[in-house]
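Reading through the structure tokens given below for one structure.
The values are calculated or read from the model by the stated rules, or taken from the named source; none is laboratory data. The structure displayed is predicted, hence computed values, not measured ones. Here the Cβ is made from the backbone with ideal geometry for all residues, glycine too, and neighbour counts use every protein chain on show. Keep in mind that these areas ignore ligands, DNA and RNA; they rest on the heavy atoms of the full protein, side chains included. Shrake-Rupley method; radii C 1.70, N 1.55, O 1.52, S 1.80 Å.
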Amino acid sequence: MFFNFNFSVAGLGIVIRFFLLLLKTFFMRIKILFFVMLIGLQVSAQQINLKSFQWNLSSDSVSVNNVDPSDVYLALLSKGVIDKPFFRDNEKKLQWVSKKEWTFETNFTIDKSVLNHDKVELVFEGLDTYASVYLNGAKILVADNMFRSWIVDVKGVLKERNHIKVVFDSPFKVIESAKKAGVWKLPYDYGYVRKAPYHFGWDWGPTFVTCGIWRPVYIRAWNNAKLKDVYAEQKFVDKKKAEVSINIAMEAVKKQKGAFLLFRDDELIKKRKVNLQPGENRFQMDDRVTHPKLWWPNGLGEPHLYRYKVLFNSGGKIVDSMEVQTGFRTVEVVQQPDSIGKSFYFKVNGIPVFAKGANYIPPDNFLPRVGNKKYMQIITDAKKANMNMLRVWGGGTYEKDIFYKLCDENGIMVWQDFMFACNMNPGDTAFMANVKQEAIENVTRLRNHPSVVLWCGNNEVDEAWHNWGWQKSNHYSDEDSIRLWHAYTSLFEEMLPEVVKQYAPQTFYWPSSPSIGWGHKEAFQSGDVHYWEVWWGKAPFVNYEKKIGRFMSEYGFQGMPDMKTIDAFTLPEDRFLGSIILDAHQKHPFGWEAIGEYMKRNYPVPANLEDYDYVSQLLQAEGIGMAIEAHRRAKPRCMGTLYWQLNDCWPVVSWSSFDYYGRWKALHYTVKKAYAPLMVSFDKTVDTFRLWVVSDEPASRNAVLKWSLMNFRGILLKSGSSKVLIERNSATVVAALNKNILTGYDTASVFIHAELLSDDSLLADKNYYFVAPKEFKLIKPDISVMLKKAKYGYLITVTTNKPVVGLMLSVNAEGFFSDNYFDLLPGENKQVVFETNEILNANDIRVKTLFDVR
Ligand code: BMA
């Protein structure tokens with residue numbers, strides 16, 4: 001009876017809940033229907049893409065028809081006027097292009113109906129850079145900043161048949177006139193212009209000072225009113241609720257009544273009646289979400305996103321609508337004084353997050369040709385390597401929206417620099433006003449993205465001013481120095497933080513990365529540090545274990561790109577070490593020398609290009625792998641590691657972990673493992689070898705740690721195992737092996753293999769060697785490779801009868817190996833997926849190991 005009674009109450013509850021659900025679904029449907037009906041009634045604003053017309057390009061010596069006006073080099077390339085800019089040493093042959101004035105022009109027709117709109121505007125989302133724009137003979141715009149957009153009212157100037165002409169001055173001419181006009185001497189010329197600094201050449205990039213209409217250009221015609229901006233400002237967020245202000249900016253041409261409808265994820269949540277006044281109108285609508293799904297960085301949870309849509313409805317018609325996407329999360333940068341100095345870490349939704357990632361540079365010298373696919377490859381590959389942060393470095397550009405959207409969706413936090421790098425600034429009134437507008441536009445554009453967690457004033461300007469001897473090398477008087485430093489503080493310590501505070505009040509501002517130069521001990525006690533003593537200072541890799549700051553925002557070591565990439569920019573006769581063509585694709589003043597010197601210290605130095613390329617990659621992976629492991633072991637003293645650099649802008653020998661074509665170097669595979677949520681790592685004390693487990697996981701767990709001492713014949717010499725409790729978000733020594741385990745063994749012939757297991761499945765593993773790889777007494781292995789057709793290509797199984805180091809798989813086909821450059825033990829069945837569309841058999845797979853290059 002009792003049971004029955006309970007059952008019927010529960011049953012009634014279910015019926016009621018079911019009924020309520022039906023009702024909810026019904027009302028939801030009605031809302032969506034209502035919304036769809038409204039869409040149908042939308043008053044059509046019109047947008048005409050001007051790049052769809054046929055443009056001519058001309059200078060004093062060249063004239064070509066029917067080109068894309070996005071970029072002068074790409075336009076000339078498309079017409080066969082120039083050769084491929086990245087091939088061989090074409091860079092130096094193509095410098096003439098950037099010295100000239102270039103004109104893009106076209107005739108275009110516009111439907112009369114467009115002209116009748118209340119507002120007719122010409123919108124340039126970006127002009128690179130010094131452009132004068134003429135519409136039907138009238139000069140309507142002079143642009144001087146690549147990072148700004150330009151909206152010109154062309155009602156009255158635009159007709160049915162039109163002619164538009166965009167004349168680009170050479171940036172070199174602009175620089176010369178700035179100098180003549182008496183603007184202070186800056187360390188580098190690119191400081192006089194608001195154009196991507198890397199266009200002028202960098203220690204990983206060529207010089208192509210290009211020009212063009214680099215972002216969309218269109219005619220926009222609208223009536224009555226237009227939504228200008230929707231900002232979902234998070235006022236309060238925790239597990240229980242999110243309070244959000246939807247700030248709406250709307251421009252109106254006349255007084256009008258209407259209503260805003262606010263949708264969250266297609267559900268109508270608010271309606272507000274308003275009276276618009278001519279000009280800009282601002283409104284706020286508040287939302288409250290109970291038990292919100294939070295946005296989490298990769299590895300800590302789902303990066304959940306919410307969509308807000310604002311519709312403006314007037315006279316029964318939708319006048320305009322705008323949709324933004326955001327994620328609810330809190331981000332704090334915690335700088336707490338402690339026994340070392342001051343912490344520097346990101347706390348997301350109340351949890352301290354160890355930042356794992358890399359520095360990002362522009363993905364091409366000619367940005368208009370970079371499509372969504374490339375951005376997808378970059379962000380996907382960052383995520384595959386277990387990253388949760390990228391730093392958009394200040395010598396490139398503020399990226400396109402798609403970049404941040406992908407970061408939002410993949411839980412990749414963005415450390416966003418303003419575009420200033422390694423230079424001083426002119427600081428005059430016009431310059432400051434120009435930059436202020438640039439900052440407002442970009443901060444506004446990016447502020448809905450949950451991924452953007454920090455704005456930083458510049459890259460290495462503070463460090464350079466205090467440590468690079470510019471005062472002397474540029475012969476600055478005391479008075480010059482005072483003026484230049486004043487220009488610095490006005491920009492980075494006053495104007496930019498004010499813009500961030502006003503337009504993205506929840507986002508942390510950091511004046512300069514790094515905060516202190518690596519030559520000072522204080523650099524390792526607080527703030528972020530760029531640690532370049534390894535590479536620039538030629539210090540040994542082991543220094544990575546000694547010089548650990550609170551947040552390692554840069555450090556790096558070069559590696560060569562895949563041979564396929566070298567083949568793509570060379571002819572067969574260029575493919576030897578020391579060829580002038582290879583040298584043209586190494587931009588660092590002592591790049592080859594540094595690689596050579598470190599290689600000699602650690603590895604055998606092969607004479608032929610292919611083997612040298614392979615070893616240079618192992619070397620890079622070893623150095624940066626060591627650094628990452630040391631940084632992670634030092635948690636929570638150190639709470640972030642971003643190596644230099646993720647990607648390339650052309651095919652080059654550089655610090656990147658994947659190259660211009662997206663081909664992973666050995667480093668990217670090493671990073672994937674070193675950034676995994678669980679990592680096994682070794683270090684040594686005076687008398688022990690210590691085994692560490694580092695966990696970035698949000699929950700604690702139990703596991704078993706096994707270690708074995710083996711020799712290169714594959715014989716097991718000693719072993720041990722222990723149960724370990726892995727605390728969440730921790731770095732712990734889980735075992736210490738006395739150094740006397742090596743007694744009686746030749747350290748060049750043995751190594752330790754460690755494994756972390758849970759219910760016999762492998763969570764992480766690591767080999768630890770006692771001497772440099774060049775001293776390893778490796779034994780010739782017998783390696784076998786089996787190939788099986790799989791869904792996206794092939795499943796490759798690799799086995800060996802002797803331990804191998806640095807096993808590289810390669811194949812004469814395009815594709816992607818899920819793992820590569822790994823160590824392999826006898827008895828292991830290493831399974832690698834090779835994604836490809838091509839047909840292969842086992843003989844096509846080539847194998848190289850360290851043994852082959854002794
Ligand atoms: C860092 C960066 C870049 C440079 C790199 C390698 O300091 O900020 O300016 O390319 O070093 O030298």
Relative to the longest principal axis of the chain, what angle (0 to 90°, nearest 10) does the C-alpha long axis of helix 401-410 take? 50 degrees
Of VAL771, GLY815, ASN829, farthest towards positive along the dipole that unit charges on Lys, Arg, Asp, Glu beta carbons give region 762-851: VAL771
Principal axis extents for the chain, Cα atoms only, whole Å, descending order, please. 97, 91, 62
Among ASN56, ASN281, THR210, the residue whose Cα sits farthest towards the positive end of the charge dipole of the chain, when +1 is placed on the Cβ of each Lys and Arg and -1 on the Cβ of each Asp and Glu, is ASN281
Of the listed pairs LYS293/LYS317; LYS273/LYS317; LYS356/LYS384; LYS79/LYS99; LYS228/LYS271; LYS226/LYS317, which have alpha-carbon separations greater than 22 Å here? LYS293/LYS317
Label-point gap, in nm, between SER78 and LYS400 - each point 7 angstrom along Cα→Cβ: 1.4 nm
Show MET808, MET599, MET376 ordered by accessible area, largest first, where the area counts protein heavy atoms only and the probe is 1.4 Å. MET376, MET808, MET599
Explain nothing, just compute: Karplus ³J(HN,Hα) = 6.51 cos²θ - 1.76 cosθ + 1.60, θ = phi - 60°, for every residue of region 86-100 in order, whole Hz, x for Gly and Pro. 8, 7, 6, 10, 4, 3, 6, 7, 10, 5, 4, 4, 7, 8, 9
About the Cα centre of the chain, how large is the charge dipole given +1 on each Lys and Arg Cβ and -1 on each Asp and Glu Cβ? Please answer in debye to the nearest 20. 2380 debye
Relative intensity, log₁₀ I(q)/I(0), of region 562-621 from a Debye sum that treats every alpha carbon as a point, q = 0.14, 0.28 Å⁻¹: -0.37, -1.37
Distance between modelled label sites at LYS112 and ALA430, nm, 7 Å Cα→Cβ extension: 4.3 nm
With axes computed from alpha carbons, what is the tilt in degrees of helix 2-40 against the longest principal axis of the chain, rounded to the nearest 10 within 0 to 90? 50 degrees
Per DSSP helix of 4 or more residues, -39500 (n - 2.57); summed, then divided by the residues of the chain. What does that give at 222 nm, rounded to the nearest 500? -7000 deg cm²/dmol
Identify all lysines with a Cα-Cα distance to LYS159 below 21 Å; exclude those on the same chain that are fewer than 8 residues away in sequence. LYS51, LYS112, LYS119, LYS139
Give the cross-link partners of LYS789 among the lysines, using a straight C-alpha distance below 19 Å as the criterion and excluding same-chain residues fewer than 8 apart. LYS830
Given a cut-off of 31 Å, name the pairs among LYS93/LYS185; LYS723/LYS774; LYS374/LYS780; LYS374/LYS774 whose C-alpha atoms lie farther apart than that in the structure shown. LYS723/LYS774; LYS374/LYS780; LYS374/LYS774
Would you please state the base-10 log of I(q)/I(0) at q = 0.10, 0.23 1/Å for region 211-336, with intensities from the Debye formula using one equal scatterer on every alpha carbon? -0.41, -1.28
Shape call for region 432-531, from the Cα gyration tensor axes a ≥ b ≥ c (a/c under 1.5 means rounded, otherwise prolate when a/b beats b/c, else oblate), comes out oblate
Accessible heavy-atom area order of ASP189, ASP153, ASP574, highest first, probe of 1.4 Å: ASP153, ASP189, ASP574
From highest to lowest solvent-accessible area (probe 1.4 Å; ligands, DNA and RNA excluded), LYS848, LYS600 read LYS600, LYS848
How much length would be gained if the chain were fully extended between ASN812 and VAL64, taking 0.36 nm per residue of separation minus their Cα-Cα distance, in nm to one decimal? 265.4 nm
Per-residue counts of other Cβ atoms within 10 Å, averaged by peptide: what ranking do you get for 668-680, 171-183, highest first? 668-680, 171-183
Highest to lowest packing among 352-365, 577-590, scored as the average C-beta count within 10 Å: 352-365, 577-590
How much length would be gained if the chain were fully extended between ASP203 and SER761, taking 0.36 nm per residue of separation minus their Cα-Cα distance, in nm to one decimal? 196.5 nm
Expected vector for region 536-550, Karplus 3J(HN,Hα) from phi with 6.51, -1.76, 1.60 and θ = phi - 60°, integer Hz, x for Gly and Pro, equals 5, x, 6, 5, x, 3, 4, 4, 4, 7, 9, 9, 10, x, 7
LYS684: which aspartates and glutamates have alpha carbons under 15 Å from its alpha carbon, excluding same-chain residues fewer than 8 sequence positions away? GLU545, GLU629
Sequence-distant residues sharing a close amide H with ARG391 (under 5 Å, placed H): ALA358, ASN359, TYR360, TRP415
Nonlocal amide H pairs with ARG148, under 5 Å, H built at 1.01 Å: LEU127
Express the accessible area of the chain per residue in Å², computed with a 1.4 Å probe while the remaining protein chains stay in the model. 42 Å²
Nitroxide proxy distance, nm - points 7 Å out along Cα→Cβ at LYS347 and ASN608: 5.8 nm
With every protein chain in place, the chain: carbon and sulfur % of accessible area (1.4 Å): 53 percent
Checked region 705-854 with the C-alpha gyration tensor, a ≥ b ≥ c its square-rooted eigenvalues, rounded below a/c of 1.5, otherwise prolate if a/b is larger than b/c and oblate if not; verdict oblate
Applied in sequence order to region 185-190, the curve 6.51 cos²θ - 1.76 cosθ + 1.60 (Karplus, θ = phi - 60°) yields integer Hz couplings, x standing for Gly and Pro, of 5, 9, x, 10, 4, 5
Using amide H atoms built in the peptide plane, which far-off residues or other-chain residues are under 5 Å from ILE726 H to H? ARG701, ASN702, ALA703
Would any residue of region 716-744 have its amide N under 18 Å from a label point 7 Å out along Cα→Cβ of VAL686? List them or say none. 736-741
Starting from 0.36 nm per residue, how many nanometres of slack lie between TRP96 and ASP266 once their C-alpha separation is accounted for? 55.9 nm
